[in-house]
Amino acid sequence: MSIEISHVSRRYGDFAALDDVSLSVAKGELIALLGPSGSGKTTLLRIVAGLDWPDGGDVLLDGKSVLDHGAAERGVGFVFQHYALFRHMSVFDNVAFGLRVRPSATRPSKAEIADRVMKLLKLVQIDWLADRSVTQLSGGQRQRVALARALAIEPEVLMLDEPFGALDAKVRKDLRRWLRRLHDEMGMTTVFVTHDQEEALELADRVVVMGQGHIEQIGSPHEIYANPANPFVFEFLGSVNKLPCNVAKGDVGIEGLVVDSAIRMPEFDGRGTAYVRPHDIELTSAHGGGTVRLIAASGPIVKMDVELDKTGQVIEVDLPLHRYNPATLTAGTSVGLVVRRLKVFPEAEAEAAAKAVAQATGAEVSLPSP
Amino acid sequence: MPADLNAVMSRKAEIRRRLLLGEHILVRAILLFLGLGFLLAFILVPLAAVFMEAFGRGWTAYVAALSEPAAAASIRLTLLVAAISVPLNLVFGVIAAWAITKFEFRGKSFLITLIDLPFSVSPVIAGLVFVLMFGLQGWFGPWLSDNGIKIIFAVPGIVLATIFVTFPFVARELIPLMQEQGTEEEEAAIVLGANGWQTFFYVTLPNIKWGLLYGVLLCNARAMGEFGAVSVVSGHIRGQTNTMPLQTEILYNEYNIVAAFSVASLLALLALVTLVAKSVLEWRLKAAHSSHSGHAA
């Protein structure tokens, strides 16, 4: 089932949870709605599922507007953030619920229901828990019950609200892979909401980055990460160094760093903020760029804090492990810095994005001192 | 020496600790004596007195007092009033709690305050309000008497007054419970295709059943025991509009001690049964609650 969201708005009093949002999802796609809390991603999910209604705009499933239909008629499977399992029922009864409440004309027989429920429980690998009360289950098991229950009504669209949010890291990773396989096997359209960029980038065909009720960027995980459309997306996806720069005739100048001569910014002129990923900075043996302050070598990437000699700003630099030589590179080593990739945005835009991200994530605003 | 000193120090600390917590043996004894003594003097003794007076002239006199026509009529009336007002308050209470906890609307806190009104108003006033509205000199009095409908000094008035006085019990019990449980399970049911009734009977009701029973129990105890409001609207017509509390008072005023206490003993028995049922329900509620918090974790 394809999903078409067209100019949807939703306000709560003065607060615009969604502001003119449009998005189309093709049949069989796996989409991640990624954004900080308050960006409107859950509201969007609830509007498509029929748990909330937009103040303006339209929602179409398979080309037909569904705003006149309640949640029950849309046939959308929904997995709630805290699972919302029926706490007084067994695992089996939870999964059977969607079949049992059908009008008698379309309700499967008791034996068929039992058969389907057990098949689903096998699919989510918890058939041995069928008779347990849901209150006795672990978080990961509850998640699987919630998923089986949503799949029981054979939805053509599956929506998951922060499906892995309440689980610990190891379970989360396993379930993530497993959900991807499930999606590929069952061939439904899947939309999930997350604030975890790693989750979104690893799992989804396409990622929709949301901020403050808008869609900031839509693209494949690679596009989103490698080519963020604006400072907000840059800030929200992974770490980034923000450096004050000056662009003259397409040449970018950053104090204290050497910018690769192949980089040209012809469309930009004047002062701006350069966004540089930590792995897009290369260290050279030349002196006078910066001084290494901190080295964390625990994994495939060596993470470093380097203080720029000219401005005192501390930037992050990532180095692949095979290029790290502990004998020559230690805290206090003076290094040269070469930028291999960057993107420049106007200072005002950068400032606004930093504020927006900080507001949404509760972090402190950190801006380069000019 | 230092070891000795340590022992003395720790003994002193122990004594101080005990004094701080009032754990001295004397303090403990006095508190226990006062507490139990109070309970005995003000609750157990009067309760025992009710039964002793009721059975003062033996079992036959007790049964005779209860089967006397006016007494039997008062028992029937009390049961009738409870049988009408408790189910009505159950339905209204659930509806009010549902509206308040599952929807967002303006004037919500005002509605919650309004539900509490019968608790803060003296029952006598509650009774007088109905007399003012439906009595012969009341707003609707002339119209009612023209159409041959009798509310005040009749059963309908007693039912109305009882409903008014007992309205808050169910709603007040349910509102915090349903607020805590939120709306997610209902939403899950709706997304799975359940209609409103299915959602209510399969999801909401099982989640609130112990709280609901608890509210109904308290509501029933009050409905059967209410004196003030019912007294104002009843008119005290023997064998017709006297509930058990009113009948007890009349019999007592007539120095018919055995009969008065016989009827009173039934009310006391109701209180005891309520108390036991209440403890059981509280225990179930707690169990349901802890399984719920486990669920959320």
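Computed from the coordinates by the stated procedures, all read-outs in this text should not be read as laboratory data. Because the structure is predicted, anything quoted here is derived from the model rather than measured. All Cβ positions, even for glycine, are placed from backbone atoms using ideal geometry, and neighbour counts span all protein chains on display.
Which net charge results when you count Lys and Arg as +1 and Asp and Glu as -1 among the other residues whose beta-carbon is under 13 Å from that of B:Gly211?
Result for the neighbourhood of B:Gly211: +2.
For B:Ala277 and B:Phe42, a Förster radius of 22 Å and the Cβ-Cβ distance give a FRET efficiency of 0.45, rounded to the nearest 0.05. Close amide-amide hydrogen proximity is noted between B:Gly182 and no other residue 5 or more places distant or on a separate chain, at a cut-off under 5 Å (H modeled in the peptide plane; Pro and chain starts excluded). Ranked by how many other Cβ atoms sit within 10 Å of their own Cβ, fewest first, the residues B:Ile250, A:Ile254, B:Ile112 fall in the order B:Ile112, B:Ile250, A:Ile254. Relative to the globular-protein estimate of 2.2 N^0.38 Å, the Cα radius of gyration of segment B:154-289 stands at 1.39. Per-residue Karplus couplings for segment A:14-29, computed as 6.51 cos²θ - 1.76 cosθ + 1.60 with θ equal to phi - 60°, are listed in order as 8, 8, 8, 6, 9, 10, 6, 9, 10, 6, 10, 10, 7, 4, x, 7 Hz, Gly and Pro entered as x. Peptide B:180-188 has a mean of 5 when you count, residue by residue, the C-beta atoms of other protein chains within 10 Å of its C-beta.
Highest GNM mean-square fluctuation among A:Pro221, A:Pro266, A:Pro54, for chain A modelled with Cα contacts below 10 Å: A:Pro266.
Between B:Ile149 and A:Asp309, the distance separating the two model label sites (each 7 Å from Cα on the Cα→Cβ line) works out to 9.8 nm. Looking at B:Gly107, B:Ile158, B:Ala96, which one has the Cα that reaches farthest to the positive end of the dipole of the protein assembly as shown (charges on Cβ: Lys, Arg +1; Asp, Glu -1)? Projecting each Cα onto the dipole axis, the largest value belongs to B:Ile158.
The residues packed around A:Val292, meaning those with a beta-carbon under 15 Å from its beta-carbon, carry a net charge of -3 if Lys and Arg are +1 and Asp and Glu are -1. Annotation for B:Asp4 and B:Leu132: the two label points, set 7 Å from Cα along the Cα-Cβ direction, are 8.3 nm apart. The string of couplings for segment B:239-247 from the Karplus curve (6.51, -1.76, 1.60, θ = phi - 60°) is x, 10, 10, 9, 7, 4, x, 5, 4 Hz, one whole number per residue in order, with x for Gly and Pro.
Mean-square fluctuation check for chain B, GNM, Cα pairs under 10 Å: which of B:Val170, B:Val230, B:Val91 is largest? Answer for the Gaussian network model of chain B: B:Val91. Ranked for footprinting exposure by Cβ neighbours inside 10 Å, fewest first, B:Ile257, A:Ile224, B:Ile149 give B:Ile149, B:Ile257, A:Ile224. Within segment B:65-147, the trypsin sites (Lys or Arg not before Pro) that combine a DSSP coil assignment with at most 14 other C-beta atoms in a 10 angstrom radius are B:Arg106. Taking the number of Cβ atoms within 10 Å of each Cβ as an exposure proxy, the fewest-first ranking of B:Leu128, A:Leu243 is B:Leu128, A:Leu243. Within 10 Å of the Cβ of each residue in B:195-206, the mean number of Cβ atoms contributed by other protein chains is 3.
Quick one: among B:Ile15, B:Ile100, B:Ile43, which has the greatest mean-square fluctuation in a GNM of chain B with alpha-carbon springs under 10 angstrom? It is B:Ile15. For A:Asn241, the residues whose modelled amide H falls within less than 5 Å of its own, excluding neighbours fewer than 5 places apart on the same chain, are A:Val276, A:Arg277.
Counting only GluC sites (Glu not before Pro) that are in a DSSP loop and have at most 14 other C-beta atoms within 10 Å, tell me the longest site-free stretch of chain B.
By the stated rule (loop sites, at most 14 other Cβ atoms within 10 Å), B:105-253.
Over chain B, Cα pairs under 8 Å with separation of 6+ residues give a relative contact order of 28 percent. Structure note, pairs A:Lys249/A:Lys343; A:Lys27/A:Lys122; A:Lys242/A:Lys355; B:Lys102/B:Lys286: Cα-Cα distances above 18 angstrom occur for A:Lys27/A:Lys122; B:Lys102/B:Lys286. Here's how it looks for A:Val302: its modeled amide H is under 5 Å from those of A:Leu319, A:Leu321, which are all 5 or more places away or on a different chain. Sorted on the mean count of surrounding Cβ atoms within 10 Å across their residues, most packed first, peptides A:82-90, A:135-143 read A:82-90, A:135-143. Restriction of the GluC sites (Glu not before Pro) in segment A:1-74 to DSSP coil positions whose beta-carbon has at most 11 other beta-carbons within 10 angstrom yields no sites.
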